[in-house]
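Peer 1: Take this structure, written in structure tokens, and hold onto it; I'll ask about it next.
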Amino acid sequence: MHVNSANDSFRLNGRFSEIGMASRNLSCLRLRISPKTIRDQTNAGLKSARERGRIGGRSPALSAEDLQAAKAMLKDPNISVAAVAGRLRVAPSTLYRHIPHARSASLEGGADS
């Protein structure tokens, strides 16, 4: 049984060939530089996108109008947070994230948080 190692492709007549060594050294060098290069190119791309008016990230689940509607619905004690969330097609946790005290007295009193 014969097992080939990664170094076998760099050998010529039992010795490392010059091209094989250069190729190996270049790949090692590339691997050391890669993370910095990738980070720099990513940051340059994000900067370019920002200059064109584009921003990354996920779009908001609720608009300002949705939040106003949710606050109005939550003033009614007969409507549950889960029902409001279902109506807006979001999870109840999303409502609590945007309206931390969804059933507090401050919301029922009309103060917007």
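The values are calculated or read from the model by the stated rules, or taken from the named source; none is laboratory data. Not measured: the values here are computed from a predicted model. Please note: Cβ atoms are built from the backbone with ideal geometry, for glycine as well, and neighbour counts cover all protein chains shown.
Peer 1: Exactly one condition in (1) in contact with a helix residue (DSSP H, G or I) (Cβ under 7 Å, 6 or more places away or on another chain); (2) modelled with pLDDT of 90 or more is false for residue 107; which is it?
Peer 2: That leaves (2) as the condition not met.
Peer 1: Sticking with this structure for a sec: Taking the residues in the range 54-77 that are at pLDDT below 90 and exposed (fewer than 11 other Cβ atoms within 10 Å of the Cβ) as candidates, determine which candidate is nearest to residue 102 (Cα to Cα).
Peer 2: So the residue we want is 77.
Peer 1: Output the residues belonging to the range 85-96 that are within 14 Å of residue 71 (Cβ to Cβ) and free of Cβ contacts under 8 Å to residues at least 24 places away in the same chain.
Peer 2: Within the range 85-96, 85, 87, 96 qualify.
Peer 1: Could you tell me whether the range 13-33 includes any residue that is in contact with a Phe, Trp or Tyr (Cβ under 8 Å, 6 or more places away or on another chain) and at pLDDT 85 or above?
Peer 2: no
Peer 1: Now for a different question. Please specify each residue of the range 76-99 satisfying the condition of being aliphatic (A, V, I, L, M) and within 19 Å of residue 59 (Cα to Cα).
Peer 2: 85, 88, 90, 91, 95, 99
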